[in-house]
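Any read-out appearing in this document is the output of simple, stated calculations on the displayed coordinates, not a laboratory observation. Note that the structure is predicted; figures quoted are calculated from it, not measured. As a convention, Cβ positions derive from the backbone with ideal geometry for all residues, glycine included, and neighbour counts pool all protein chains shown.
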């Protein structure tokens, strides 16, 4: 950085504490228009940003807090933000000034003061903040109110019980009806943050509030819209009609310019569709979701990437959404590699009888490119395409053969791997190409490709004349091969022996391999498998043949769709990290809140059948409902009963707080429950099986779904899906 | 939902400015910076680094988080996200934040940010709450809270440090007396500040359309999409409520609007009804839906291009021909690029044109160059008129026996005063204010085509 780059740049030079202290002291006297002080503070702040510890200056900086110049005040507050929490013994120096500023006539300063205080989680500060915050939440200036709303979440984080006792949560709830949309949005954001903590208040919306929030959407800033839309996931529709009405109101938000707003709106729609019954409306919504998703692909590569990862999830659950748009996923030469790879995953999934030719032509194009990863994935996608679209299989095999002909090693290897899967998908149709594959056996130096080739040799040993010679050649290096190849060789030689049990060479070969597997190899899997084959062959070779060469389930790419329950759950995280990594965030991100579909009379049967319950480690046992503001709302009998029952238990809650109470379960919180929840938590730790925490791990069953999916392997058709077993690819997931 | 914090790194990967991270362990931001730098050093091309990097668990941090980053003016801005975080919010916020920086400082690079770090800090504070909630990114509102570092504000600050600011209409945020400093938020419309006054009321629209197409080897259009954007610069006093109608609104499909546009009105009447923010903004983005009949949904590509490429041992030769298919408007800044492969060492070409009516004056034939770093051949034609054709004939050399040039030519062009959709504004009416305003609409187009050979 050169010197002429300006004034402030030189502040980036490392400063000395003592020097600053002296300069601050000098600024006390004769400081015309606070210029000196401003300069010193600027240096100090610059040093903080460089990571230099400026905390010894606390008392010195604290003296400037009374300065009437806003610019200086802001820098002092910035300093307090950085070091306030580490100075509990000196914080009393500034509290009086904080309090004074909370009542300043400039709303900016009032907001600055409560904001800074809320970030210093020291009991004395929190205590001082409580009273001020209560006033600021009712401040006449919306800037102060919106700041105060966020501060409540901070206060709650510092001391949840104090925030609850102080009635701050109820005040936030009331702010959701504020006239200023920004204030509403921040109240929602704050409540969401509190609700995600899972150690007290549960944040849930009822129909009335959800409708109010939807009305506020139009006047909110883009960020406010995101908060509000996201909070709609906390509304559980009781009837199909509610969900449908809500969905129709959310659809317009798909036309927003902000990509995050669009994707959040899509998340809400995907969620609401679980509670809908009207097939035409669901199809209408699916149609409406396509174009905005496509439009996201005209944004920068980063946004494209996030969009593509989400699209991949969405089309697995709602295959109709982009069924006619495969063209927009064609890769551009200049796309970054991560965008290209993400597009490839989507392309073959959108292929159908009508468009497979275009898709295949593109994939062929890509497999001549230079980037290794991309080329391999392209070849693999050709195989997936063959497996997914039966009509495309012939063309795909042709193009794979011409790729093998290029003799580019990594292309050949990849082609062999996918050909194995094609053999499994269409038994008896393409075995004619086996000789061509055998010609290129020497090119295969990667374990996966070698294993695939070995599998082909073993499986079709009866059709390959010199299979015994080929396998014999391959076993020369048996002991040096990776386990994957050893396992394949073992099975292949056993298959060969079963086909050609009369031949002496095969007998010798299988004997040799079994001996190696059981005596020379350390890997227990290999040894076990070796012993198993040996015993089977020893006891009854014909039964062994039936077992080893038993009919395999046909494979399909449809099953590398994720498990329905897992999909439904992941889609609640649309746009979030979970949707990028295709894992539920709470499994890999700290403090992440899990989400699950909530059962209600409106939830459609298939979604309910695959529902994945959510573990809430600190769930209060009996949630007590505090009534919300707003008019009474008719609710179904069951909830009515439930409400009454619970409200009886806590007479203090509803009547005193809300004279206009309806049976609206907006916020499940009450002091007495909070106390109870603690008691039960303790119980739960003593006896985790019976307590609320004893719920079985909800992800235990999902491991397979993700594992299989991430490996991008075709899987057996049967078994792992619920509710969409039949062949109708596009319609089967509507409900 | 929330962003943990934001760090701005200079070109060497060192942090220049970062947000508070007050509720995180001190090592947390460093972990993210390291993760990004490690990934960057691993990747040959910086643009291929995953935009969302998973950051493993650190000390006192049981589970991981992620780092979203974008490249801006030679710097990288990274946003760390964790919890139930939304990377798209992070990217949208990063974009909005960069827009704000551009609005404040004109250009954004390491030097300007260092010079104005106190302003950047204030902007960070106001746009991203320390708990990570994006707050206000509307320049209209921000300018009232954080004063841009212009000469005037510096003057005001030095002349009247503690008094009320002169009656300039802008509240004196530089001084304590800015009693109405919250005016931006007092305004019932979050994107527009209250009490705007202009001596000369005008509103200008720019319709910008961008074609994005891929042409197959056989010359058939594989995909061709046109994305449109209507940029607006509004300098109107008071609270102007505008209604804009089009003669052919149906050409706009898949619209996405600035929050100011009333979505219900668009759905019902196909008109833009809005109260604009003050200053520049993008009012709408759309996709041009060609009239029915074009079954494939492809917009015709306005150029004809032919490439004849042959490769030999250690060399290759080519003949390229390009001409315009437009009948009225000339194209400008036509740039044709071809990546000749990592092994290419140089190229030799000659340009010619025929029937252009321009002769050979002023480099009208275009110019070519070979970029030794990127191994890219670049051919530029400053003005591609409606008649005639241009060609480039040449050869290149390569270290490899079998040169593998890229299979696509990338062609970029601009067409001033032209839109693919021929979108036409019918009327712009102002209600709720009495003054007369000056109105203007301009169109321009650009394109980026991948042509395979």
Open item on the list: Assuming 0.36 nm per residue, please report the length gained on full extension of the stretch residue B:253 to residue B:350 beyond their Cα-Cα distance.
Closed with: 30.6 nm
Open item on the list: Just to confirm my numbers, what's the Cα centroid distance between region A:320-345 and region A:108-142 in Å?
Closed with: 49 Å
Open item on the list: Could you tell me how far the Cα centroid of region A:352-390 sits from the Cα centroid of region A:501-556, in Å?
Closed with: 36 Å
Open item on the list: Just to confirm my numbers, what's the Cα centroid distance between region A:233-251 and region B:391-453 in Å?
Closed with: 42 Å
Task: Taking A:136, B:212 and counting other C-beta atoms within 10 Å, the order from fewest to most - done: B:212, A:136
TODO: With r as the distance between the Cβ atoms of residue B:34 and residue A:124 and R0 = 35 Å, compute the FRET efficiency 1/(1 + (r/R0)^6) and round to 0.05.
DONE: 0.45
Task: FRET efficiency estimate (nearest 0.05) - Cβ-Cβ, residue B:317 to residue B:386, R0 25 angstrom - done: 0.25
Task: For region B:303-416, the Rg and Dmax computed from alpha carbons only, in angstrom - done: 14.4, 46
Open item on the list: In 10 Å bins starting at zero, report the fraction of Cα pairs in region A:324-426 per bin as a rounded %.
Closed with: 17, 53, 29, 2
TODO: Note down the nm distance, to one decimal, between modelled labels 7 Å out along Cα→Cβ at residue B:328 and at residue A:479.
DONE: 8.3 nm
Task: Virtual spin-label span in nm between residue A:21 and residue A:354, 7 Å along Cα→Cβ - done: 7.8 nm
Task: Zone of residue A:429's modelled label, taken as backbone nitrogen in region A:383-418 under 12 Å from a point 7 Å along Cα→Cβ - done: A:385-398
Open item on the list: Between residue A:361 and residue A:532, how high is the FRET efficiency from 1/(1 + (r/R0)^6) when r is the Cβ-Cβ distance and R₀ = 60 Å? Nearest 0.05.
Closed with: 0.80
TODO: For residue A:93 and residue A:394, calculate 0.36 nm times their separation in residues minus their Cα-Cα distance, and state this gained length in nm to one decimal.
DONE: 100.3 nm
Task: Point-to-point label distance, residue A:138-residue A:515, nm (Cα→Cβ direction, 7 Å offset) - done: 9.4 nm
Open item on the list: Sort A:326, A:201, A:370 by Cβ crowding within 10 Å, fewest neighbours at the top.
Closed with: A:370, A:326, A:201
